[in-house]
Amino acid sequence: MAKFTVNVPVETAAPTVVVDASPDAPLAAGRHRFSLVVVDDSGNESTPDTVDVIVADRDRPTAVLQGPAIAAVGKEFTLNGARSFDTGGGTIKTWRFTYLGPAIR
Ligand SMILES: [Ca+2]
């Protein structure tokens, strides 16, 4: 694995490299560009080739819905989705509440 810093080349003797990233130190979501220059055994350098890699949040969030166990007839009550959470570097931006009708036990 290699920790990449902008414009600091990482040289290897192998054709692949693992880009170091973890939940604690992620690459930010978005489009990231990498380049490769190869050097032959005579010291000749190629022109660079580049690739863009899109880093995206691909993890589904988890919904956690809470409500009162009992509510009085004719009185309002609150449904609370605040304990819902997301992983993968995103944040929840919409809470979609739906009434599903009388519950069957
Ligand atoms: Ca997510």
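The values are calculated or read from the model by the stated rules, or taken from the named source; none is laboratory data. This is a predicted model, so every value here is computed, not measured. Because the Cβ atoms are built from the backbone with ideal geometry, glycine has one as well, and the counts that use them run over all protein chains shown.
Pairs only if they're at least six apart or on different chains, beta carbon under 6 angstrom, first in region 64-76 and over 17 Å from THR98 (Cα atoms), second part of a loop (DSSP other than H, G, I, E, B); list them, first residue then second.
Listed pairs, sorted by first residue: ALA71/PHE77.
Give the residue that is modelled with the lowest pLDDT, with candidates limited to residues of region 59-105 that are within 16 Å of the ligand (Cβ to nearest atom) and surrounded by fewer than 10 Cβ atoms within 10 Å (Cβ to Cβ).
Applying the filter and picking the extreme gives THR91.
Just to be sure I understand the filter: pairs with C-beta atoms under 8 Å, separated by 6 or more residues or on different chains, first member in region 19-48 and among the hydroxyl-bearing types (Ser, Thr, Tyr) and at pLDDT 95 or above, second member in a loop (DSSP other than H, G, I, E, B) and surrounded by fewer than 11 Cβ atoms within 10 Å (Cβ to Cβ). Which pairs pass?
The qualifying pairs are SER35/PRO48.
Considering only residues of region 23-58 that are surrounded by fewer than 10 Cβ atoms within 10 Å (Cβ to Cβ), part of a loop (DSSP other than H, G, I, E, B) and of a type in the set (Ser, Thr, Tyr), which is farthest from the chain's Cα centre (by Cα)?
Ranking the candidates gives SER42 first.
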